[in-house]
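Quick notes on the structure that follows.
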Amino acid sequence: MEISTQFEHPYVLLLISPLILAGLYYIRRGVSKWIIISRIIILSLLIMALASPFSLGINTVRDDAPKITVISDDTMSMDLFNKDLGKKVFDALQPKTPTKFREFAGIKSPIGDEVIGASENNNLVLLTDGNANYGKDLFDAISLVSQTGTRVFAVEQKPLHNDASVEIVSSKNIIIGNENVFNVVVRQAGNDLRYKLDVEIDGKSVYSDSVTQKEREKSIPITGSFSALGSHKLKATITPATEDRFKLNNVFYRSVFVVPKPKVLAVTIDTGSPLYTITSGLYDATNTGSLPADLSPYKTVIIDNKGAVEINADILRNFVSNGRGLVVVGGDMSYDKGKYNNSPIEAMLPIISRSGEFKGGRTIIIVFDSSGSTATIDSETGYSQIELIRANVNKIVKTIDRDSSLGLVAFGGNIEKKEINLMNNDAIRKEYEDWVQEIGPGQLGVNPTNFDDGLREAVEMFKKVSGTKELIMISDGALHADNMESGIKIVSNFKDQQISPQFIQLSTVFLTEKEKYAPSIAGPSTYEDLAAAANKKILILNPDERINIQTEKSSEAAPTPAPTPTTHEYPLATIDSNHFITKYLNITASITGYNDVIPKLGSDRLVATTRGKPILTTWGFGLGRVAAFTTDNGNPSTDPTRPWASEVYSGENSRLISSMINWAIGDPRPKEGDVVNAEDIWAGTAGKVIVTSDKQPPQVNLDGAPLELSRTGPTTYETSINLDNPNTENFHDLSGYGIAVNYPLEYREIGFNEKLKSVIESNGGRVYKEDEVEGLLFLDIKEKAVRTVNEPKSEKEPYLLAALVLFLTEVIIRRIKDYRKERPVIEENQLRTQVAE
């Protein structure tokens, strides 16, 4: 690849201007215009060559002696591992190739910064647990340096010692009277830990039990509620009965601040729904049938199953932009069923209210045989091949799940196709079934079997979709040998195109009668070759399987049974388990319906069906937060299609609803007086304090001592605090707002970070076991030591060649003209000579 031409001495090009002026001067003096223009071009080309033109060619270079930097993590948490391994790896690599050694230590792990700082070398080898807690994010750093040609490798070390840490994860500001869940998270470096866990709230024991833990991380939910406003203290203590290297991370303190119930507006007429029951029980909820003009008293607005025409988007836009929350709940009058698409309300939402473009669903394309050979009667069933093929295709059409999309391709003399559509209603299924019944060998040609064109058409259709791609090919097995080479080539690319194929044969007639069709028709063995190109085998259906459906040869119509409602269940799955709403939340519910939407770019998709349809999607809008919950309010109804989401509002699953509304609310405290925000802090790590106040400036004290605040906005002020010794006092007071200080952050995440392996491998590197390092590491680095360099390439030759060609052309033309002028004179002289003789 080459980059556009540049000039080493661009100022030389300025000589072209006086050259042009001189040419114009001589043209006015009567010199031949064409000669002057030719000379200007020739001299301009020479000047451009004199300016030294060049292009930068991007070339691939393989290093026989690649440069390597070994980065050894010697921080406190690495005491669990063999800290000499980094030096050992360095000593093994140094005699083979240029190698540097970098080491960092202390109570902070800036691993990402170290990776970026050492990226001038083309290969980095990390000896670390992968638990970065300071500076640049490690995984972002690996991705960044990999884009510049640096390869990152690592060694997965097994801990020599085990250790356990404890942490309490919860909201900082919680609502009075509500039952809150405090997740006590216990982590270990190994996989065998026994301990006693004690939890206290305001000095009173609320949990005490012995625990055996095999997993690296375990979350134990503790529930509690508060009846008094203000700061409250939590304490979790683990007492390990097995090896525990560090003791200071066995106790964790948490300070929470209890506030009055925030005001929430529920725009709904369904006050008997589980959604409203939860809302009115947890918050100071007001119900209204339509959106009022004044929303200032409320922290969050919940819109329940309203059409776009019922929502004043201008009022909501101002409300949310100023830091408030919005939750829009779906139903049979909302989102795609409520004309949200391209409406003002949709502009605020993190979704697009239409289907068919969402990345992550399943698409199936059936490529089926309708060539002349399908008119053959199957002796074992009495049906023709085309009847069996139609019936099997329509069996799939009838049974495909509502979350999947389907396309059809029929091959014969011509190609017929039915475009891909989401199979979410019976009308579409009936349309597809009728289309299949119209396809036959008489329509698409008698003899040809251009199955390769059918496969090629399916590949083109797959290019328009994303997500899971499945192809089902159904044939009688009589495929033409003339098309086989092309077909095998198409099928062999399925893996790279992420297409999962299946090959089905409905008849064995060509196993016994293959000689009748040879050599123009390939038998089942060649159909097997086609399947083998995709590492698959053909499935030959036995007679019972071939007729295990109703075909069009049924002589008597069966009585039509009374229709019964069909209920489809869609299990839910957490997509992002690190978000505030879904963290430590175990969702086990299924729903029977949803609104079909597409997440917008920049949104956070938190919960979806197992087929990938979004159910909970969030994003920030201005200073506020918006959640799109695209299923209903869970209210029982006589309509068999509802309720869609009753399971979501019951039991442990209902925490999803309260967490969603809590996230939309944000800080539940009213914006009155001085409002202090500060998270609990880790020893040795500065904590940020944010104060919102109309006073200029407000007065905030830490344990009675005034803090110096810096103004960061019209009503906001900030400062930082650093409490290095958690052993003297664990709870502190910020003008009535409590904060806790805990052990250094270095001791929270312990053991080898499993995510490091996937990140390194996805960026072209590799993670080795300890016993693989010396044997494989250097060989792999040398094999992957390929880098791209920009090398200048001279481009003078084209300019010099063009000037030479133009000059020679001019000389030749002039010679021809001179010859034509001289020829009459020569002929006249010859004639006079002849007369004289």
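The values are calculated or read from the model by the stated rules, or taken from the named source; none is laboratory data. This one's a predicted model, so the numbers in the text were calculated from it and none came from an experiment. Every residue, glycine as well, gets a Cβ built from its backbone with ideal geometry; the counts of neighbours run over all protein chains shown. For accessibility, only protein heavy atoms count, side chains too; no ligands or nucleic acids. Shrake-Rupley method; radii C 1.70, N 1.55, O 1.52, S 1.80 Å.
I want to confirm something. Restricting to the stretch 36-57 and keeping residues that are within 13 Å of THR5 (Cβ to Cβ) and open to solvent by less than 30 Å² (accessible area, probe 1.4 Å), which single residue is nearest to the chain's Cα centre (by Cα)? Full working, then the answer.
Narrowing the stretch 36-57 to residues within 13 Å of THR5 (Cβ to Cβ): 48-49, 51-57.
Next cut, open to solvent by less than 30 Å² (accessible area, probe 1.4 Å) only: 49, 51-53, 55, 57.
Values: ALA49: 49, ALA51: 48, SER52: 46, PRO53: 43, SER55: 37, GLY57: 33 Å.
Among them, the one singled out is GLY57.
Restricting the stretch 230-250 to residues that are of a type in the set (Gly, Ala, Ser) and open to solvent by less than 30 Å² (accessible area, probe 1.4 Å), which is modelled with the lowest pLDDT?
For the stretch 230-250, the residue satisfying everything is GLY230.
ASP378 - would you say it is of a type in the set (Asp, Glu), at pLDDT below 85 and either touching a Gly at 6+ places or on another chain (Cβ under 6 Å) or open to solvent by less than 10 Å² (accessible area, probe 1.4 Å) (or both)? I'd like the intermediate steps shown before the answer.
On the way: of a type in the set (Asp, Glu): yes; at pLDDT below 85: yes; either touching a Gly at 6+ places or on another chain (Cβ under 6 Å) or open to solvent by less than 10 Å² (accessible area, probe 1.4 Å) (or both): yes.
Here the answer is yes, as ASP378 does meet what is asked.
Among the residues of the stretch 98-107, are any more than 25 Å from the chain's Cα centre (by Cα), small (Gly, Ala, Ser) and under 30 Å from GLU8 (Cβ atoms)? Please lay out each step first, then the result.
Keep residues of the stretch 98-107 that are more than 25 Å from the chain's Cα centre (by Cα), which gives 98-107.
Now drop any that are not small (Gly, Ala, Ser), which leaves 105-106.
In the following step, the residues that additionally are under 30 Å from GLU8 (Cβ atoms) were identified as none.
Within the stretch 98-107, none of the residues are more than 25 Å from the chain's Cα centre (by Cα), small (Gly, Ala, Ser) and under 30 Å from GLU8 (Cβ atoms).
It is to be established whether one or more residues within the stretch 222-229 are surrounded by fewer than 17 Cβ atoms within 10 Å (Cβ to Cβ) and farther than 30 Å from PRO260 by Cβ.
Just the residues of the stretch 222-229 that are surrounded by fewer than 17 Cβ atoms within 10 Å (Cβ to Cβ), to begin with: 223, 225, 227-229.
Within this subset, residues satisfying the condition of being farther than 30 Å from PRO260 by Cβ are none.
Among the residues of the stretch 222-229, not one is surrounded by fewer than 17 Cβ atoms within 10 Å (Cβ to Cβ) and farther than 30 Å from PRO260 by Cβ, which makes the answer no.
Only one of these is surrounded by fewer than 18 Cβ atoms within 10 Å (Cβ to Cβ), over 17 Å from SER735 (Cβ atoms) and out of contact with any Pro (no Cβ under 8 Å at 6 or more places or on another chain): GLU679, GLU652. Name it. Break it down into steps so the answer makes sense when it comes.
Values: GLU679 fails: over 17 Å from SER735 (Cβ atoms).
None of the other options fit; the residue is GLU652.
Would you check which residues across the stretch 41-67 are modelled with pLDDT of 85 or more and either aliphatic (A, V, I, L, M) or touching a Phe, Trp or Tyr at 6+ places or on another chain (Cβ under 6 Å) (or both) and list them? Spell out how you get there, then give the answer.
First pass over the stretch 41-67, keeping only residues modelled with pLDDT of 85 or more: 41-53.
Once the filter is applied, which keeps residues that are modelled with pLDDT of 85 or more and either aliphatic (A, V, I, L, M) or touching a Phe, Trp or Tyr at 6+ places or on another chain (Cβ under 6 Å) (or both), the stretch 41-67 yields ILE41, ILE42, LEU43, LEU45, LEU46, ILE47, MET48, ALA49, LEU50, ALA51, PRO53.
Within the stretch 698-734, take every residue that is in contact (Cβ under 8 Å) with a residue 40 or more places away in the chain and open to solvent by less than 60 Å² (accessible area, probe 1.4 Å) and give me the one that is nearest to ASP674 (Cα to Cα).
LEU734
Any idea which residue in the stretch 111-132 is modelled with the lowest pLDDT, counting only those that are open to solvent by 40 Å² or more (accessible area, probe 1.4 Å) and assigned to a loop (DSSP other than H, G, I, E, B)? Walk me through it before giving the result.
Our first condition is that a residue be open to solvent by 40 Å² or more (accessible area, probe 1.4 Å); within the stretch 111-132, this holds for 113, 116, 120, 132.
This time we only want the ones that are assigned to a loop (DSSP other than H, G, I, E, B), so: 120, 132.
Values: GLU120: 79, ALA132: 92.
Result: GLU120.
Here are some residues: SER280, SER219. Which one is open to solvent by 20 Å² or more (accessible area, probe 1.4 Å), outside any strand (DSSP E or B) and either touching a strand residue (DSSP E or B) at 6+ places or on another chain (Cβ under 8 Å) or polar (S, T, N, Q) (or both)? Before you say what the answer is, go through the steps one by one.
Details: SER219 fails: outside any strand (DSSP E or B).
None of the others qualify; the one that does is SER280.
For the stretch 387-490, which strands (runs of 3 or more DSSP E) that fit wholly inside it have 3 or more residues that are in contact with a Gly (Cβ under 9 Å, 6 or more places away or on another chain)?
On the way: elements: 404-411, 415-422, 468-475.
Of the strands (runs of 3 or more DSSP E) lying wholly inside the stretch 387-490, those with at least 3 residues that are in contact with a Gly (Cβ under 9 Å, 6 or more places away or on another chain) span 404-411, 415-422.
Does GLY135 satisfy the criteria of being over 30 Å from LYS214 (Cβ atoms), assigned to a loop (DSSP other than H, G, I, E, B), small (Gly, Ala, Ser) and touching a residue at least 40 places away in the same chain (Cβ under 8 Å)?
On the way: over 30 Å from LYS214 (Cβ atoms): yes; assigned to a loop (DSSP other than H, G, I, E, B): yes; small (Gly, Ala, Ser): yes; touching a residue at least 40 places away in the same chain (Cβ under 8 Å): no.
In short, no.
Can you tell me which of LYS688, LYS671, LYS695 is open to solvent by 60 Å² or more (accessible area, probe 1.4 Å), modelled with pLDDT of 90 or more and either over 30 Å from GLU346 (Cβ atoms) or not β-branched (Val, Ile, Thr) (or both)?
Working: LYS671 fails: modelled with pLDDT of 90 or more; LYS695 fails: modelled with pLDDT of 90 or more.
Just a single option satisfies the conditions, and that option is LYS688.
For (1) among the charged types (D, E, K, R); (2) in contact with an Asp or Glu (Cβ under 9 Å, 6 or more places away or on another chain), each residue gets a yes or a no:
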{"site": "ASP270", "(1), (2)": "yes, yes"}
{"site": "PRO274", "(1), (2)": "no, no"}
{"site": "THR286", "(1), (2)": "no, no"}
{"site": "ALA313", "(1), (2)": "no, yes"}
{"site": "VAL320", "(1), (2)": "no, no"}
{"site": "ASP332", "(1), (2)": "yes, yes"}
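All but one of (1) buried (at least 23 other Cβ atoms within 10 Å of the Cβ); (2) assigned to a loop (DSSP other than H, G, I, E, B); (3) touching a residue at least 60 places away in the same chain (Cβ under 8 Å) hold for ASP332, so report the exception by its number.
(1)
Considering only the stretch 462-482, how many residues are surrounded by 21 or more Cβ atoms within 10 Å (Cβ to Cβ), at pLDDT 80 or above and not charged (D, E, K, R)?
The total comes to 4.
Considering the stretch 180-216 alone, what residues qualify as being over 30 Å from LYS158 (Cα atoms) and either without any contact (Cβ under 8 Å) to a residue 12 or more places away in the chain or assigned to a strand (DSSP E or B) (or both)? Step through it out loud before you land on a result.
Narrowing the stretch 180-216 to residues over 30 Å from LYS158 (Cα atoms): 180-182, 199-208.
If the condition is that a residue be over 30 Å from LYS158 (Cα atoms) and either without any contact (Cβ under 8 Å) to a residue 12 or more places away in the chain or assigned to a strand (DSSP E or B) (or both), then ASN180, VAL181, PHE182, VAL199, GLU200, ILE201, LYS204, SER205, VAL206, TYR207, SER208 are the ones that fit.
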